[in-house]
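For reference, the structure is listed below as structure tokens.
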Amino acid sequence: MTVLDTSIPHPPTPEAALQLLLDGNRRYVNNAPHLDESPQRRAEVARGQHPYAMVLGCVDSRVPPELIFDSGLGELLVVRTAGHVLDHAVLGSLEFGIEALKIPLLVVLGHDRCGAVKSTLDALEKHMHAHEDIDWLVEHIKPAFEVAQHEQNLLDATVKAHVRITVNELKQTPILREAVEQRKLQIVGAMYNLESGKVKLL
């Protein structure tokens, strides 16, 4: 089992960071967690943080990245919006993770039965506008619907398309693109299954 040595301030390689995440999810699925939230760990991270991965995920209460990746204090930088929709605050937070913390991995995490995506499909199929700023979310998820609209499982296909579109958008932003080109950062998409607890890479 791979264990992150948080006493070393140098980040792991992107590949090693991804393996740490997948190992953590495997422990979560197998109900064998070892995340560290002890007083000693609190004291350690109070002196500084060295998260090994960033997760951009959905606000859904059933998908807390720290739990499903069995990651304790100081291990993940997590940004969450409904349907993992991007905005300037999200991008600034992720760019901070790259520039200030040198985090080598960014995972865009979608999940099945996503409520934000379902609301988008309902609005688009009924040709309706959602209320207030929820309509802003709909407009940003709409391109994924246009990609997936002929798929049998429209909801999950749209979520997967939205993950892939988000990954591609992130790779086009200057700071993240430069980090990827220099092999200091890997950006990957993944899907979480609500029932099994498993995370699968896209």
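The values are calculated or read from the model by the stated rules, or taken from the named source; none is laboratory data. Computed from a predicted structure; not experimentally measured. Counting neighbours? That spans all protein chains shown, and the Cβs are built from the backbone with ideal geometry, glycine included. Areas reflect the complete protein model, heavy atoms only, side chains present, ligands, DNA and RNA absent. Shrake-Rupley method; radii C 1.70, N 1.55, O 1.52, S 1.80 Å.
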Answer yes or no as to whether Phe96 is at pLDDT 95 or above, of a type in the set (Phe, Trp, Tyr) and open to solvent by 30 Å² or more (accessible area, probe 1.4 Å). yes
Is it the case that Gln152 is within 28 Å of Gly97 (Cβ to Cβ) and either surrounded by fewer than 20 Cβ atoms within 10 Å (Cβ to Cβ) or without any contact (Cβ under 8 Å) to a residue 60 or more places away in the chain (or both)? no
Among the residues of the stretch 47-69, is any acidic (Asp, Glu), open to solvent by less than 30 Å² (accessible area, probe 1.4 Å) and at pLDDT 95 or above? yes
State which residue pairs qualify: first residue in a strand (DSSP E or B) and inside the stretch 72-98, second residue small (Gly, Ala, Ser) in any location, beta carbons under 8 Å apart, and separation of 6 or more residues or different chains. Leu76/Ala53; Leu77/Ala53; Leu77/Ser93; Leu77/Gly97; Val78/Gly57; Val79/Gly57; Val79/Ser93; Arg80/Gly57
Does Gln49 fit the bill of being in contact with a strand residue (DSSP E or B) (Cβ under 9 Å, 6 or more places away or on another chain) and touching a residue at least 12 places away in the same chain (Cβ under 8 Å)? yes
Identify all residues within the stretch 133-145 that are open to solvent by 100 Å² or more (accessible area, probe 1.4 Å) and part of a helix (DSSP H, G or I); write none if there are none. Trp136
Pairs where the first residue, in the stretch 158-175, is more than 14 Å from Asp87 (Cα to Cα) and the second is crowded, with 16+ Cβ neighbours inside 10 Å and aromatic (Phe, Trp, Tyr), C-beta under 8 Å, 6+ apart: Thr158/Phe145; Ala161/Phe145
Go through the stretch 3-37 and give me each residue that's surrounded by fewer than 12 Cβ atoms within 10 Å (Cβ to Cβ), touching an Asp or Glu at 6+ places or on another chain (Cβ under 9 Å) and at pLDDT below 85. Val3, Ser7
Which listed residue is under 19 Å from Val55 (Cβ atoms) and modelled with pLDDT under 95, from Val167, Val159, Val117: Val117
Any residue that is in a loop (DSSP other than H, G, I, E, B), over 13 Å from the mean Cα position of the chain (by Cα) and under 21 Å from Leu194 (Cα atoms) - is there at least one of those in the stretch 101-113? yes
Hey, Val108 buried (at least 18 other Cβ atoms within 10 Å of the Cβ), out of contact with any strand residue (DSSP E or B) (no Cβ under 7 Å at 6 or more places or on another chain) and at pLDDT 90 or above or not: no
What are the pairs with Cβ atoms under 8 angstrom where one residue, in the stretch 134-148, is on the phi < 0 side of the Ramachandran plot and acidic (Asp, Glu) and the other, located anywhere, is in a helix (DSSP H, G or I) and open to solvent by less than 80 Å² (accessible area, probe 1.4 Å)? Sequence gap at least six, or different chains. Asp135/Ala123
Looking at the structure I just gave you, is Gly197 modelled with pLDDT under 95, within 29 Å of Glu75 (Cβ to Cβ) and surrounded by fewer than 18 Cβ atoms within 10 Å (Cβ to Cβ)? no
If you go through the stretch 120-131 one residue at a time, do you hit one that is in a loop (DSSP other than H, G, I, E, B), modelled with pLDDT under 95 and either open to solvent by less than 40 Å² (accessible area, probe 1.4 Å) or within 17 Å of Ala17 (Cα to Cα) (or both)? yes
Filter result (over 21 Å from the mean Cα position of the chain (by Cα) and either among the β-branched types (Val, Ile, Thr) or in a loop (DSSP other than H, G, I, E, B) (or both)) within the stretch 38-65: Ser38, Val45, Arg47, Gly48
